[in-house]
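The values are calculated or read from the model by the stated rules, or taken from the named source; none is laboratory data. Remember, predicted model here, so these are calculated numbers, not experimental data. With ideal geometry, Cβ positions are generated from the backbone for all residues, glycine too; neighbour counts draw on all protein chains shown. Ligands, DNA and RNA are excluded from the accessible area calculation, which covers all protein heavy atoms including side chains. Shrake-Rupley method; radii C 1.70, N 1.55, O 1.52, S 1.80 Å.
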Amino acid sequence: VDKPMDATLEKRKTKSFEIFNQIASTYDFLNHLLSFGIDKKWRKKLLLSLPRHKNKLLVLDLATGTGDLAFEISKVASVAQVSATDLSEGMLEEARKKKSKMIETSKDYVRKVGFAIEDGCNLSFKNESFDATTVSFGIRNFPSTSQGLSEIYRVLKPGGRALILEFSLPKNFFFRHLYFLYFRYVLPFVGNLVSKHKDAYKYLNRTVEDYPYGASFEKLMLEAGFKNTSYQALTMGICTLYIGEKI
Ligand SMILES: C[S@@+](CC[C@H](N)C(=O)[O-])C[C@H]1O[C@@H](n2cnc3c(N)ncnc32)[C@H](O)[C@@H]1O
């Protein structure tokens, strides 16, 4: 069972894709600004853990948003196809525009990326369809983490691997409190100002502060059936990369 959440937050999660529809046009700019560009480094880190055992990998990127992770994955030579999915049509629209611009500038590898509307908690794909499934900063927005993890597990082929990036909280006392100052006050202020959305960024810190991370998140992965699970804290623990295999 997921960690109990405040009822307002829980209700917001069932409709979070609608908020993303409203902030899609400023999402990328704010993402890079508010993370000081570190988000790019985190996505690159995930690439290093893609399965190496074979060529022509079929990859599913859930909650792809504006597609940054999917585009990075498509650069990897052994990847044959990336299904980049999200519940927000607005975010996918931004992703499609980016893909066209990248093709214009000869980044032909992005042709491997295809987009589709999919609910991470109720995927339309058949069992055992993918060699790897990825989610970056998305699973926290699903109405049920356990349901999302079970779906990821179901669509993975045996031998396949799930790679999940999600925000977490720093361990170091001083850094943690400095981070809270930024995360609770500066980030919502700048986020709401730039996105012109009255509260899209207001709850961001609470969705992170209330969310399981580290060993608690790994436990949810184990409960969903994953084996050989591990996790790695990145940038003093602001973000964590989780890995799990289906055997
Ligand atoms: C913070 S964004 C992350 C986007 C992208 N992966 C990235 O790294 O920038 C979260 C995304 O989760 C999507 N989302 C929320 N609930 C979802 C669900 N139930 N199924 C699929 N996507 C969902 C939102 O529409 C949004 O695009």
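Shown for the chain: the carbon plus sulfur share of the solvent-accessible area, taken with all protein chains present and a 1.4 angstrom probe, equals 58%.
Across segment 106-122, coupling constants 3J(HN,Hα) worked out from phi with the 6.51/-1.76/1.60 Karplus curve, θ = phi - 60°, read 6, 8, 5, 4, 5, 4, 6, 8, x, 10, 7, 6, 8, 8, x, 9, 7 Hz, and Gly and Pro carry x. With each run of n ≥ 4 DSSP H residues scored as -39500 (n - 2.57), what mean residue ellipticity at 222 nm is computed for the chain after dividing by its residue count and rounding to the nearest 500 deg cm²/dmol? Taking each H run of at least 4 residues, the total per residue is -12500 deg cm²/dmol.
Taking 19 Å as the straight-line reach from the Cα of residue 99, the lysines in range (excluding those fewer than 8 positions away in the same chain) are 40, 44, 75, 107, 112. Counting only residues at least eight positions apart within a chain, or on another chain, the aspartates and glutamates with an alpha carbon under 12 Å from that of residue 45 are 72.
Karplus-derived 3J(HN,Hα) values for segment 83-89, using 6.51 cos²θ - 1.76 cosθ + 1.60 with θ = phi - 60°, are 8, 9, 10, 6, 8, 9, 5 Hz; glycine and proline are entered as x.
How big is the antiparallel share of DSSP beta bridges in the chain, given as a percent to the nearest 5? For the chain, the DSSP antiparallel bridge percentage is about 40. Farthest toward the positive end of the dipole of the chain, out of 204, 214, 124, is the Cα of 214, where the dipole comes from beta carbon charges about the Cα centre. Cβ under 13 Å from residue 81's Cβ, residue 81 left aside: what net charge do those residues give with Lys, Arg +1 and Asp, Glu -1? So the environment of residue 81 carries a net charge of +1. On a per residue basis, the chain carries 48 Å² of accessible surface, using protein heavy atoms and a 1.4 Å probe.
Sorting 177, 53 by accessible area puts them as 53, 177; the probe is 1.4 Å, largest comes first, and only protein heavy atoms count.
In square nanometres and to one decimal, what's the mean projected area of the convex hull around the Cα atoms of segment 1-138? It is 9.5 nm².
Sum up the charges of everything whose Cβ sits under 15 Å from the Cβ of residue 51, counting Lys and Arg as +1 and Asp and Glu as -1, but leave residue 51 out. That sum, taken over residues with Cβ under 15 Å, equals +3.
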